[in-house]
Amino acid sequence: MNKKLFIVAVLSIILLGAFSSGYAQGQLPASQVASRVVEDGGTGPHSALMLTESSLPTHTVFRPKELGVFGKNNKLPIIAWGNGACANSPWEHVNFLSEVASYGFLVVAIGPMPLEGEKGSGKSTSSQLVDAIDWAVAQNGDKKSPYYQKLDVTKVAVSGMSCGGLQTLEVASDPRVSTVVVCNSGIFSTPGNGRSGMPNLTKENLGKLHTPTLYILGGEKDIAYANGMNDYQRINHVPVFMANMDVGHGGTYSQPHGGEFAKVATAWYNWQLKGDRAAGQWFRGEPAGLSKNSNWRVEKKNMP
C-alpha cells in the first residue's frame, strides 16, 4: 500500500473510533445535543431534564428525568409555555421551567431547545401553545410513546411571560385548559399599542377566560404593570389572583431555580393541577398565605 494512503487509513480509523466512542458515551456534537440538565435539575422531588423530542422539534420539553414513577395513579399535568418578546426559544426561562418540571409536570415550551449560552432566534405565534397541548394529548394515547398513559390530559395549564402572556390569553378559551398563568403581561387598553408580532387582543378577550387565573407582575417598575392590573380589575367572572413583586419586567426567571416567580407559579400549578391543599393555602384565606411573604403584594377576587 502507498505510504500516504496507509497513513490516511490509520488516521481515519483512529478518528472513527474516537467519534464512535463519543456517541457511545452520549457526547454528541453540540449541534446534535438532544437533552441536558439545567442547573442541578431543580429542587423538586423529580430531577428534571430539558430535551428535544423528535416528534415535536419545534418545542422544548422540560420533564422529570425518570418517568417510571408516573402512571395511572400519578400522572403528569401538562403546562404549555410562551416566551417573552414572542421569542421562538425559551432560553430566558430555562431555570424557571426546569424548576417547575421538577415538581412533577410536563412543560412544553415554544421554540427549539436552546444550546447552552444560546439565545435562539425567530418569532413565535399563539398557535404553538395549542400545538404543545395537541402533541401532549397525542403522546398520552400513543402506545409507542414514553408518555403513554403517564399524562393527565384533564389538567392543562397555558402560561407565558410578556408577549407569551398575551399568547396565553389568546388561547385561554380552549376548553381543554384548566388554569391560566399570565406573567409580566396584560392586554393593551388601546389595540395596536403592542410591538410587531404581539397578539392584537382587546379587553373583550378577557371575557373568554373560563378557569382560575393567576397574574404575576413585577410591580410598578414592570412595563406591563398598568395593563396587567387593568386586566385584573376587569376580570369578575372567574377566580383571579394578582401577585406583585417589585423586580420589574424581567422577573426572576434567570435566578437560581427561577427565583420567587418559580415558587409562586409552582405552588399555583400544584394547587390547580394536582389538588395540593397545602399549596392552595398560598392563595386561599383572608389574608392569603402568600401575603405573609414580604416579597409579595397580593390581591384576589372570586376566590375563598
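The values are calculated or read from the model by the stated rules, or taken from the named source; none is laboratory data. The shown structure was predicted, so the numbers you read here are calculated from the model rather than taken from an experiment. FYI the Cβ positions are ideal-geometry reconstructions off the backbone, even for glycines, and counts take in every protein chain you see.
If we scan the stretch 89-107, do we find a residue that is closer than 23 Å to residue 256 by Cβ and at pLDDT below 95?
No, the stretch 89-107 has no match at all.
For the stretch 269-288, name all the residues that are assigned to a helix (DSSP H, G or I) and over 25 Å from residue 81 (Cβ atoms).
277
Can you find a residue in the stretch 42-63 that is in a strand (DSSP E or B), buried (at least 18 other Cβ atoms within 10 Å of the Cβ), of a type in the set (Lys, Arg) and modelled with pLDDT of 95 or more? Steps first, please.
Going residue by residue through the stretch 42-63, those that are in a strand (DSSP E or B) are 48-51, 59-63.
Checking the rest, the ones that are also buried (at least 18 other Cβ atoms within 10 Å of the Cβ) come to 48-50, 59-63.
Narrowing further to those that are of a type in the set (Lys, Arg): 63.
Applying the additional criterion that residues be modelled with pLDDT of 95 or more yields 63.
Within the stretch 42-63, one or more residues are in a strand (DSSP E or B), buried (at least 18 other Cβ atoms within 10 Å of the Cβ), of a type in the set (Lys, Arg) and modelled with pLDDT of 95 or more.
Kindly establish whether residue 153 is assigned by TED's automatic domain parsing to the domain that holds residue 85, hydrophobic (A, V, I, L, M, F, W, C), touching a residue at least 60 places away in the same chain (Cβ under 8 Å) and over 19 Å from residue 111 (Cα atoms).
When the stated conditions are applied, residue 153 passes them.
Could you tell me whether any residue of the stretch 142-157 is of a type in the set (A, V, I, L, M, F, W, C) and within 20 Å of residue 208 (Cα to Cα)?
Yes, that holds for at least one residue.
Among the candidates 286, 260, 299, which residue alone is in contact with a strand residue (DSSP E or B) (Cβ under 7 Å, 6 or more places away or on another chain), among the acidic types (Asp, Glu) and surrounded by fewer than 20 Cβ atoms within 10 Å (Cβ to Cβ)? Walk me through how you get there before you give the answer.
Working: 286 fails: in contact with a strand residue (DSSP E or B) (Cβ under 7 Å, 6 or more places away or on another chain); 260 fails: in contact with a strand residue (DSSP E or B) (Cβ under 7 Å, 6 or more places away or on another chain).
When all the criteria are applied, what remains is 299.
Looking at (1) part of a loop (DSSP other than H, G, I, E, B); (2) within 21 Å of residue 165 (Cβ to Cβ); (3) touching a residue at least 60 places away in the same chain (Cβ under 8 Å), find the lone condition where residue 125 falls short.
Unmet for residue 125, out of (1) part of a loop (DSSP other than H, G, I, E, B); (2) within 21 Å of residue 165 (Cβ to Cβ); (3) touching a residue at least 60 places away in the same chain (Cβ under 8 Å): (3).
Starting from the stretch 285-300, take each residue that is within 23 Å of residue 237 (Cα to Cα) and in contact (Cβ under 8 Å) with a residue 12 or more places away in the chain and list its partners that are of a type outside the set (Asp, Glu) and in a loop (DSSP other than H, G, I, E, B), counting only C-beta distances under 7 angstrom and pairs at least six apart or across chains.
288/282; 290/282; 290/283; 290/296; 298/288; 300/283; 300/288
Within the stretch 215-234, track down each residue that is closer than 11 Å to residue 185 by Cβ and out of contact with any strand residue (DSSP E or B) (no Cβ under 9 Å at 6 or more places or on another chain).
Residues satisfying the conditions are 223, 227.
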